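Participant: Mind having a look at this structure? Questions to follow.
Bear in mind these aren't lab numbers, they're just calculated from the coordinates by the rules spelled out. The model shown is predicted, which means the values in this text are computed figures rather than measured ones. Neighbour counts are summed over all protein chains in view; Cβ atoms, including those assigned to glycine, are modelled from backbone coordinates with ideal geometry.
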Amino acid sequence: MNTQPEFKRILIKLSGEALMGNQGFGITPEMIHYVAEEIAKVARLNIEIGIVVGGGNIFRGVAGSSAGMDRSSADNMGMLATVINSLALCDALEKCDVPTRVQSAIRMDQIAEPFIRRKAIRHFEKGRVVIFAAGTGNPYFTTDTAAVLRAHETRAQILFKATQVDGVYDKDPVVHENAVMFDELSYMRVIEKQLHVMDMTAISLAMEHDLPLQVFDLHKTDNILKAVLGQDVGTRIK
């Protein structure tokens, strides 16, 4: 079994829903502590870590838009929800003795640094985790796209999508008992089959810049650590 990290710098994409735990809304203290401890295990290996967290546990822009709200306003609210989650995760990581900074794509200097690429890279080099909040700072773009963008900008070697399912399936495993999970996929296969991994903008951007993706279940203990060590976890897309 490999005990040496396969990567030096990674970006982790977390869904906002992952922070809810068993409740239907918001942040569960037990869950955010669990997530922070899982990330801390990796940080203790001196891996440079960037994080993008969604905001779906508080507000989802697309849902607000479909309910009749102006899409730009709804997406702005969604971006602010990611800031709330980022601050909560920052606090939880600091409690695990992991130095952490939040950088926001929307300026709010009293609670977060502005996103500055060179400063983020300097934080990595000093051993700090950086949480990238507020998506891309623009409406109509998902946090999946923001994660791929930040991974490219900071020269991360891989993007881990830690989610609610244990990989990418040919169809919804919740609905179809005979759904088959892929161990490995190409970007083009994801696009052609319209597989629900990330939105197509994010997948296309990852493909254009040869950023490998790995999708796995956040709720299985040590999955982030195993992925960093190059073990077979979830689905690899490249």
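Participant: Can you tell me which of Lys13, Lys126, Lys226 moves the most in a GNM of the chain? Springs connect C-alpha atoms under 10 Å apart.
Facilitator: Checking each option, the largest mean-square fluctuation is seen for Lys126.
Participant: State the extension gain, in nm to one decimal, for the chain segment bounded by Asp183 and Met108, taking 0.36 nm per residue of separation less the distance between their alpha-carbons.
Facilitator: Gain on extension, Asp183 to Met108, equals 22.9 nm.
Participant: If I stretch the segment between Tyr140 and Thr201 completely, what's the gain in nm (0.36 nm per residue apart, minus their alpha carbon distance), one decimal?
Facilitator: Here the segment from Tyr140 to Thr201 would lengthen by 20.9 nm.
Participant: Which length gain, in nm to one decimal place, applies between Asp232 and Val175 when the Cα-Cα distance is subtracted from 0.36 nm times their residue separation?
Facilitator: Full extension of this stretch gives 18.0 nm more.
Participant: Skipping prolines and chain starts, which residues have an amide H placed within reach, meaning under 5 Å, of the one on Lys161, given they are 5 or more residues away or on another chain?
Facilitator: Lys13, Gln214, Val215, Phe216
Participant: Also, I was wondering about something else. So for the range 9-237, averaging the separation of alpha carbon pairs under 8 Å that are six or more residues apart and normalising by length, what relative contact order in percent results?
Facilitator: 21
Participant: For q values of 0.10, 0.16, 0.18 Å⁻¹, compute log₁₀ I(q)/I(0) with the Debye formula on a Cα-only model of the chain, without solvent.
Facilitator: -0.42, -1.18, -1.53
Participant: Just flag the chymotrypsin sites (Phe, Trp or Tyr not before Pro) in the range 88-145 sitting in loop per DSSP whose Cβ has no more than 16 other Cβ atoms within 10 Å.
Facilitator: Taking the range 88-145 and a limit of 16 other Cβ atoms within 10 Å, the loop chymotrypsin sites (Phe, Trp or Tyr not before Pro) found are Tyr140.
Participant: I want to verify a result. In a Gaussian network model of the chain, Cα cutoff 10 Å, which of these has the top mean-square fluctuation: Arg117, Arg60, Arg128?
Facilitator: Among Arg117, Arg60, Arg128, the largest mean-square fluctuation in the Gaussian network model of the chain belongs to Arg117.
Participant: How many lysine pairs are close in the range 95-238, with Cα atoms under 26 Å apart and the two 8 or more places apart or on different chains?
Facilitator: Number of lysine pairs found: 20.
Participant: What nm value, rounded to one decimal, do you get for the distance between Glu37 and Met69 when each label is placed 7 Å out toward the C-beta?
Facilitator: Reported label-point gap for Glu37 and Met69 is 3.4 nm.
Participant: Let me ask something else. So what J values fall out for the range 170-175 if you push phi through Karplus, 6.51 cos²θ - 1.76 cosθ + 1.60 with θ = phi - 60°, rounded to Hz, Gly and Pro as x?
Facilitator: 6, 7, 4, x, 6, 8
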